[in-house]
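One structure is given here, and the rest of the page talks about it.
The values are calculated or read from the model by the stated rules, or taken from the named source; none is laboratory data. Bear in mind that the values here come from a model prediction, so they are computed numbers and not experimental data. Neighbour counts are summed over all protein chains in view; Cβ atoms, including those assigned to glycine, are modelled from backbone coordinates with ideal geometry. These accessible areas exclude ligands, DNA and RNA; they are computed on the full protein's heavy atoms, side chains included. Shrake-Rupley method; radii C 1.70, N 1.55, O 1.52, S 1.80 Å.
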Amino acid sequence: MPTSMKRLRQTLAIGLMRAARAANRSPLVRTVLRGRSVRRFPLVNRLYHTVFRLGVAAGDRDVQARYRGVVLTGPVWDATIMPSISAGYYEEFEVRVFERLASVSRSIVDVGANIGAYACTGAARLPQDGRLIAFEPVPENVAYLRRNVADNQLGGRVTVEQMAVGAASGELTIHLSGEQSGKHSAAAANVGTSAGAVTVPMTSIDAYLDGNDLGPPDVVKIDVEGYEGFVLQGAAQALASAPTLLFELHPELQANCGGDAGDLLDLVFAHYRWVFLVDELNNVLRPCTRADLDAPDAIGLYRSNLVAIGRREHLDAVRQWHNL
């Protein structure tokens, strides 16, 4: 197919995907669906991915896209991450916050790095002496992660560790999703369509830092599909220095993993003065209290990520998005 035709097809496909995203974020749709995503309907999800697969990926096994200054390659079968990266809107507000924090930090721990969207964009903005440790346990994701680190010449700043992170060292069984590369989880109930399981080595943040003679990180990002509480349980020493945390709060996913979202929040609020709920729709960080997050509907679509800040320099770095 001529290059011009391929580009036209990709442009049209991305236009349709962006239109679908805009509709999903509209107040009317959110009201009708009571705050849930239109993509919870299987037919809508299949149509969205079909447009991506035929229009952007063109039948290839892998798809490559430029995203926020880095080049990322990922699996075409994934129904969420690579389509949104290709269209330029993958967790765009959260990534902007992460990039800004990275620019004023020197050490970052990325737990659940997936194919490296955060790891690569964050590492690209670290100071010259900065370092990012990317933990990812799933072999397919690790292969893409290593490729993306190399393709963006970030090997000098990023260390990839193929292991899970939890409360203590040992092993963990990861249930694999056949729907999304970012949906693999320690709980089978969290993955949707199952694609098997893999048992992987596991460390804790404190054990890893101690074993490698590393000091506490400046930023810790956690995206582990319900296992967040266990990650923080294994980071008591690191939390004493109040690194900024970026993590997901999904009470159902956390319960399925044997954890409790309330206990997770208690741990965070015991260490942090400034905690923000990420408002993806309005691109703001909303200050919140522990009680705020217990309110009905406090957590939901476009409101499921938190940023906990313990250092003034980080609070100032993201001041454009909050009013404290």
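Numbers for the structure displayed
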read-out: Unmet requirement for residue 160, which otherwise passes all of (1) assigned to a loop (DSSP other than H, G, I, E, B); (2) open to solvent by less than 30 Å² (accessible area, probe 1.4 Å); (3) over 26 Å from residue 295 (Cβ atoms); (4) without any contact (Cβ under 8 Å) to a residue 60 or more places away in the chain; value: (1)
read-out: Flag for residue 259 being farther than 23 Å from residue 102 by Cα, touching a residue at least 12 places away in the same chain (Cβ under 8 Å) and either surrounded by 13 or more Cβ atoms within 10 Å (Cβ to Cβ) or in contact with a Pro (Cβ under 9 Å, 6 or more places away or on another chain) (or both); value: yes
read-out: Exclusive hit being closer than 21 Å to residue 149 by Cα, open to solvent by less than 40 Å² (accessible area, probe 1.4 Å), touching a residue at least 24 places away in the same chain (Cβ under 8 Å) and among the aliphatic types (A, V, I, L, M), set 87, 65; value: 87
read-out: Condition met for residue 70 (among the aliphatic types (A, V, I, L, M), within 15 Å of residue 222 (Cβ to Cβ), buried (at least 19 other Cβ atoms within 10 Å of the Cβ) and in contact (Cβ under 8 Å) with a residue 40 or more places away in the chain); value: no
read-out: Candidates 157, 96, 106, 147, filtered to the one that is charged (D, E, K, R) and touching an Asp or Glu at 6+ places or on another chain (Cβ under 7 Å); value: 106
read-out: Any strands (runs of 3 or more DSSP E) falling wholly within the range 187-276 and containing at least 3 residues that are under 17 Å from the mean Cα position of the chain (by Cα); value: 219-222, 244-248
read-out: Residue count, the range 278-287 (criterion: open to solvent by 20 Å² or more (accessible area, probe 1.4 Å) and not in a loop (DSSP other than H, G, I, E, B)); value: 3
read-out: Subset tally (residues that are closer than 19 Å to residue 304 by Cα and open to solvent by 20 Å² or more (accessible area, probe 1.4 Å)) for the range 73-84; value: 1
read-out: Meets criteria (in contact (Cβ under 8 Å) with a residue 12 or more places away in the chain and crowded, with 24+ Cβ neighbours inside 10 Å) for residue 111; value: yes
read-out: Condition broken by residue 219, with the remaining ones in (1) at pLDDT 95 or above; (2) surrounded by fewer than 22 Cβ atoms within 10 Å (Cβ to Cβ) satisfied; value: (2)
read-out: Qualifying residue in the range 288-297 (condition: open to solvent by 40 Å² or more (accessible area, probe 1.4 Å), in a loop (DSSP other than H, G, I, E, B) and under 29 Å from residue 175 (Cβ atoms)); value: yes
read-out: Residue among 272, 302 that is farther than 23 Å from residue 38 by Cβ and either open to solvent by less than 50 Å² (accessible area, probe 1.4 Å) or in contact (Cβ under 8 Å) with a residue 40 or more places away in the chain (or both); value: 272
read-out: Candidate set: the range 212-240, residues that are free of Cβ contacts under 8 Å to residues at least 60 places away in the same chain and polar (S, T, N, Q); chosen: the one nearest to residue 94 (Cα to Cα); value: 237
read-out: Boolean, residue 37 is closer than 30 Å to residue 165 by Cα, touching a Leu at 6+ places or on another chain (Cβ under 6 Å) and surrounded by 13 or more Cβ atoms within 10 Å (Cβ to Cβ); value: yes
read-out: Checklist (1) touching an Asp or Glu at 6+ places or on another chain (Cβ under 8 Å); (2) open to solvent by 40 Å² or more (accessible area, probe 1.4 Å); (3) β-branched (Val, Ile, Thr) applied to residue 173, failing item; value: (1)
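Condition check ((1) modelled with pLDDT under 95; (2) over 21 Å from residue 241 (Cβ atoms); (3) basic (Lys, Arg)) across all residues:
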| residue | (1), (2), (3) |
| --- | --- |
| 83 | yes, yes, no |
| 90 | no, yes, no |
| 97 | no, no, no |
| 100 | no, no, yes |
| 105 | no, no, no |
| 113 | no, yes, no |
| 116 | no, yes, no |
| 125 | no, yes, yes |
